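The values are calculated or read from the model by the stated rules, or taken from the named source; none is laboratory data. Please read these numbers as outputs of a predicted model, since none were measured by experiment. Cβ placement follows ideal geometry from the backbone for every residue including glycine, while neighbour counts extend to all protein chains displayed. Surface accessibility is based on the protein's heavy atoms, side chains included, excluding ligands, DNA and RNA. Shrake-Rupley method; radii C 1.70, N 1.55, O 1.52, S 1.80 Å.
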Amino acid sequence: MSDQENALTRILDQAVQFEQGAFDFYSSAIEKVTQPHVRSALGDLAAEEVKHKQQLQALAAGDLETTVTVQKRGQIEDLKLAEYLVAPSLSEDATFQDVLIVAMQREKSSHEFYSTMAGIAEQETAKKLFEFLAQEELVHKNKVETLYDEVVYQQF
Ligand SMILES: [Fe+2]
Ligand SMILES: [Fe+2]
């Protein structure tokens, strides 16, 4: 396996873990609220994160040399792509408002991660998948921002 392929395997694996983490994150956030529409919004987010995980796993399961390669050697390291996939931690007694702040940060990082991947991936299929994921994470960020505004202004 080439260095580049190793770096790709590692970063895709980290992205899979991050998506799993996002699913877990929204699943436990649901426990903090009672409003049905908020619970259902968080449930939708969790479901989409699982789908992202499966899409990445499908991509990583292929022969990486044919499904996804990047333009330059060392690009994944140089662009510090792994740093986008580190979630801020949350204390046990975090309020729902705190949860939403972390959620916004996570979604912003995910969006930036996939946008960057879309920019460096060589294959059209991989590029399209990363663009799609980048777009979905941006939509997620907007949805979380809307929930956040509700929390702040209505103090539920
Ligand atoms: Fe995601
Ligand atoms: Fe997301």
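Just to be sure, is Leu129 touching a Leu at 6+ places or on another chain (Cβ under 7 Å), part of a helix (DSSP H, G or I) and within 16 Å of ligand 2 (Cβ to nearest atom)?
Details: touching a Leu at 6+ places or on another chain (Cβ under 7 Å): yes; part of a helix (DSSP H, G or I): yes; within 16 Å of ligand 2 (Cβ to nearest atom): yes.
Yes.
Here are Leu129, Leu64, Leu45: which of them is within 19 Å of Gln14 (Cα to Cα), in contact (Cβ under 8 Å) with a residue 40 or more places away in the chain and under 16 Å from the mean Cα position of the chain (by Cα)? Explain how you work it out, then say what you get.
Details: Leu64 fails: under 16 Å from the mean Cα position of the chain (by Cα); Leu45 fails: within 19 Å of Gln14 (Cα to Cα).
The unique qualifying residue is Leu129.
Kindly indicate whether Val151 is in a helix (DSSP H, G or I), over 12 Å from the mean Cα position of the chain (by Cα) and either within 16 Å of ligand 2 (Cβ to nearest atom) or touching a residue at least 24 places away in the same chain (Cβ under 8 Å) (or both).
Details: in a helix (DSSP H, G or I): yes; over 12 Å from the mean Cα position of the chain (by Cα): yes; either within 16 Å of ligand 2 (Cβ to nearest atom) or touching a residue at least 24 places away in the same chain (Cβ under 8 Å) (or both): yes.
Yes.
Filtering segment 38-62 down to residues that are among the small types (Gly, Ala, Ser) and under 30 Å from Val151 (Cα atoms), which residue is farthest from ligand 2 (Cβ to nearest atom)? Break it down stepwise before answering.
From segment 38-62, those among the small types (Gly, Ala, Ser) are 40-41, 43, 46-47, 58, 60-62; that's our starting set.
Checking the rest, the ones that are also under 30 Å from Val151 (Cα atoms) come to 40-41, 43, 46-47.
Values: Ser40: 16, Ala41: 12, Gly43: 13, Ala46: 9, Ala47: 11 Å.
That would be Ser40.
Could you tell me which of the residues Asp63, Asp44, Asp24 is surrounded by fewer than 19 Cβ atoms within 10 Å (Cβ to Cβ) and more than 15 Å from ligand 1 (Cβ to nearest atom)? Can you show your working first?
Values: Asp44 fails: more than 15 Å from ligand 1 (Cβ to nearest atom); Asp24 fails: more than 15 Å from ligand 1 (Cβ to nearest atom).
Checking each option against the conditions leaves just Asp63.
So in segment 84-142, with the set limited to residues that are open to solvent by 50 Å² or more (accessible area, probe 1.4 Å) and among the basic types (Lys, Arg), which one is nearest to Thr69 (Cα to Cα)?
Only one residue fits best here, namely Lys128.
Looking only at segment 96-121, how many residues end up being without any contact (Cβ under 8 Å) to a residue 60 or more places away in the chain and away from ligand 2 (no atom under 16 Å from the Cβ)?
5
Could you please tell me which pairs satisfy a Cβ distance under 8 Å, a separation of 6+ or placement on different chains, a first residue in segment 2-26 that is farther than 18 Å from Thr67 by Cβ, and a second residue that is open to solvent by 20 Å² or more (accessible area, probe 1.4 Å) and outside any helix (DSSP H, G or I)?
Phe18/Ala87; Gly21/Ala87; Phe25/Ala87
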